[in-house]
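K.L.:
Mind having a look at this structure? Questions to follow.
FYI, it's all coordinate maths here, none of it is from the lab. Note that the structure is predicted; figures quoted are calculated from it, not measured. In this analysis, Cβ positions are derived from the backbone assuming ideal geometry, glycine residues included, and neighbour counts consider all displayed protein chains.
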Amino acid sequence: MKNQFTLLLTLLLSTSSIFAQDVDVTVSTSNVNPIIKAGEYTLLSWSVKSRNNTATEENKIKFYLSQDSVLNDEDLFLGGSVAPELIEGSESQIHYTWIQIPSNVTTGNYNVLFYVDADNEIAEVSESDNIKAEFVEVAPSLKSDLVVASTDLPLVGTEGNQIEIGWTVRNQGLAISSPTSLSVYLSETPEITATSIKLLETNVITINSGAHIADEAIVTLPSDSSIDGGVVGKRYIVFDVDENGDVRESNETNNMDFKRVTIERTAADLVSTSQIAYGSIDYYAPHAKDVFYNVQFTVENQGTDNSGTVSVAKCYLSIDDQLDDNDQLIRTINIPDLNANGETYEVDFSDRWDHYVPSGPGGSSSLEDKLYLLYNYKVIIVLDVQDSITESNEDNNTSSHAITTEPSQQGFRTSESRTTAFPVPAEDVLNVSVANNTTITLYDTSNGAVVIDKAFTKAGQYRIDTTSLKRGIYILKDNKGKEISIVKE
């Protein structure tokens, strides 16, 4: 029993000699670059020891930026590391720690404080020698800093087709940049991920401090079927300058920018172009004349896919630009399957105009008056009326075009009066067709009084309210010598 007590006492005395009042951990070596640049990383080297060569436990070492050599609450914490356990009589090896000086630190003279046992984990003989200071100068960063300052691309693209993109790269750092590259990705998110698709990688030349360069390129969007999960829908075009880290920058986290794009499926898109409509007087049989219209237009597939089938187009004569039930169908045309990206089909047809122009009192059956009345009409062209084609734009299938004079008859229109009036007899409304700068006057034949007097600056057909006129015969005169008898019922 006595021997056991003696052994226990010996162990207690031995332990207290290891971790007792002789322990005093301190920083033995500390090194830092004497010039540190704001916003940049710098490497610290350090080692620790116990002044009395006693063993010490593992503890924390922390690093601060201070305007003096004394640690206080205003000092800036830069980072920390683990100071290793020391066995009796040993000193630690040299350790290395990277720290970054924040970019908003004011330039000037400072100290970097190396603070061992920073959390007071060890009971020491003295707590006043745990900090060692190294003088440094914080200077402005002289590194470059590349950013994608702006981007340009269409809001909508089509799978498998090309789009034009543009960008501006600016060097907002304080040093000229070295050559690097810019990469462009198609991504589901505004970041570059493992599923992002690289569309372009292009060289970026050196850029002076504060300068910028602008560039553009044509890129091809992948087709939906070639990518797992597809590409149709809302996506992002992500621009990343210096992706491979070729340039030493003061800030490595601001190299990307992005813009949203909607990718649509390929589809046909039929439109009518080069519309021409003529009105003319011509022969339709030996020694017989009448009024004709001639319509010409081109159907173009401006979409990115073939139309795939025969479609139906219809042409109407309308008094205005709006298609309604009162408009006259004049031709139905079968349009063949058109290839993508611009294949065309030419349409050209003529026909007699069978619109009735009253004759007799107040009316005229002259071909000239009939032709002038035709000029008030427009040709409305409607493509794919049966919706047999899936199109990328279903809102551009209808167009209208005014009927004009056939080139061979240009002189004819200016040599005759254009004023016509119908119906005769009239009830509540009298339709009057006039040329430019025409004045019309309606006289009551019973007393010679002027009952209507109107001036028109533009040619066209106008509606005149006659509900207030009493029944009888009237004379309509224009300022170009034309007289028309009007009967009011």
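K.L.:
Exposure proxy check: 63, 114 ranked by fewest other beta carbons within 10 Å?
P.N.:
63, 114
K.L.:
Of all the C-alpha pairs in segment 53-163, what % are more than 25 Å from each other? Before the final figure, lay out each step's value.
P.N.:
Working: 2762 of 6105 pairs.
Tail of P(r) above 25 Å: 45 percent of Cα pairs.
K.L.:
Test of understanding: ordering 169, 291, 450 by Cβ neighbours within 10 Å, fewest first, what list do you get?
P.N.:
450, 291, 169
K.L.:
What FRET efficiency comes out for residue 57 versus residue 189 if R0 is 45 angstrom and r is the Cβ-Cβ distance? Round to the nearest 0.05.
P.N.:
Taking R0 as 45 Å, the efficiency between residue 57 and residue 189 is 0.45.
K.L.:
Something else now. I'd like the projected area of segment 193-350, averaged over all directions, using the convex hull of its alpha carbons. Report it in nm² with one decimal.
P.N.:
Numbers: hull surface 69.2 nm².
Mean projected area for segment 193-350: 17.3 nm², to one decimal.
K.L.:
For the chain, what does -39500 (n - 2.57) per DSSP helix run (n ≥ 4), summed and divided by total residues, give at 222 nm, in deg cm²/dmol to the nearest 500? Show your work: numbers first, answer last.
P.N.:
Details: 3 runs with 31 residues, N = 489.
Result for the chain, helices only: -2000 deg cm²/dmol.
K.L.:
For segment 245-251, take each phi angle, set θ = phi - 60°, evaluate the Karplus expression 6.51 cos²θ - 1.76 cosθ + 1.60, and give the result in whole Hz per residue in order, putting x for glycine and proline.
P.N.:
x, 6, 10, 7, 10, 6, 9
K.L.:
Any idea how far apart residue 43 and residue 201 come out in nm if each label point goes 7 Å out from Cα toward Cβ?
P.N.:
2.9 nm
K.L.:
Per-residue counts of other Cβ atoms within 10 Å, averaged by peptide: what ranking do you get for 454-462, 199-207, highest first? Intermediate results must be reported in sequence, preceding the final value.
P.N.:
Numbers: 454-462: 13.7, 199-207: 15.2.
So the peptides 454-462, 199-207, ranked by packing, come out 199-207, 454-462.
K.L.:
Can you compute the radius of gyration and Dmax for segment 146-264, using only the Cα atoms, both in Å?
P.N.:
Spelled out, the Cα radius of gyration and Dmax of segment 146-264 are 14.6, 47 Å.
K.L.:
Can you tell me how much longer the chain between residue 211 and residue 468 gets when fully stretched, taken as 0.36 nm per residue apart minus their C-alpha distance, in nm with one decimal?
P.N.:
Values: separation 257, 0.36 × 257 = 92.52 nm, distance 7.76 nm.
Taking 0.36 nm per residue and subtracting the Cα distance, the gain is 84.8 nm.
K.L.:
I've got another one for you. Relative to the Cα centre, what is the charge dipole magnitude of segment 2-139, using +1 at the beta carbon of each Lys and Arg, -1 at the beta carbon of each Asp and Glu, and rounding to the nearest 20 debye?
P.N.:
Computed about the Cα centre, the dipole is about 300 debye.
K.L.:
I've got another one for you. Taking Cα centroids, how far is segment 154-193 from segment 270-299 in Å?
P.N.:
Between the Cα centres of segment 154-193 and segment 270-299 lies a distance of 53 Å.
K.L.:
At 0.36 nm per residue, and after removing the present C-alpha to C-alpha distance, how many nm does the segment from residue 73 to residue 394 gain when stretched out fully?
P.N.:
My answer for the length gained is 108.7 nm.
K.L.:
In square nanometres and to one decimal, what's the mean projected area of the convex hull around the Cα atoms of segment 417-488?
P.N.:
4.1 nm²
K.L.:
Would you mind getting me the FRET efficiency between residue 324 and residue 219? Use the beta-carbon distance for r and R0 = 56 Å, nearest 0.05.
P.N.:
E between residue 324 and residue 219, to the nearest 0.05, is 0.75.
K.L.:
By how many nm would the segment from residue 106 to residue 248 lengthen if fully extended, with 0.36 nm per residue of separation less the alpha-carbon distance?
P.N.:
Computed gain between residue 106 and residue 248 is 49.0 nm.
K.L.:
Still on this structure, please answer the following. Restricting things to Cα coordinates, could you compute the convex hull volume per residue of segment 270-410 in Å³?
P.N.:
About 118 Å³ per residue, rounded to a whole number.
K.L.:
Something else: In degrees between 0 and 90, to the nearest 10, how far off the longest principal axis of the chain does helix 2-18 point, with axes built from Cα atoms?
P.N.:
60 degrees
K.L.:
What distance in nm separates the two pseudo spin-label positions at residue 284 and residue 451, each 7 Å out from Cα along the beta-carbon direction?
P.N.:
About 3.5 nm separates the two model spin labels.
K.L.:
If R0 is 56 Å, what FRET efficiency do you get for residue 334 and residue 96 from their C-beta distance, rounded to 0.05? Present the calculation step by step, with values, prior to reporting the outcome.
P.N.:
Numbers: r = 81 Å, r/R0 = 1.45.
Efficiency at R0 = 56 Å is approximately 0.10.
K.L.:
Please give the charge dipole size of the chain, origin at the Cα centre, charges +1 on K and R Cβ atoms and -1 on D and E Cβ atoms. Round to the nearest 20 debye. Write out the running numbers ahead of the final one.
P.N.:
Values: 33 positive and 72 negative charges, 438 e Å.
With Lys and Arg at +1 and Asp and Glu at -1, about 2100 debye.
K.L.:
Using +1 at the C-beta of Lys and Arg and -1 at the C-beta of Asp and Glu, which of 220, 262, 247 has the Cα lying farthest in the positive direction of the dipole of segment 193-277?
P.N.:
262
K.L.:
How big is the Cα convex hull of the chain in projection, averaged over all directions, in nm²? Could the numbers behind the result be given before it?
P.N.:
Working: hull surface 186.2 nm².
So the Cα hull casts an average projection of 46.6 nm².
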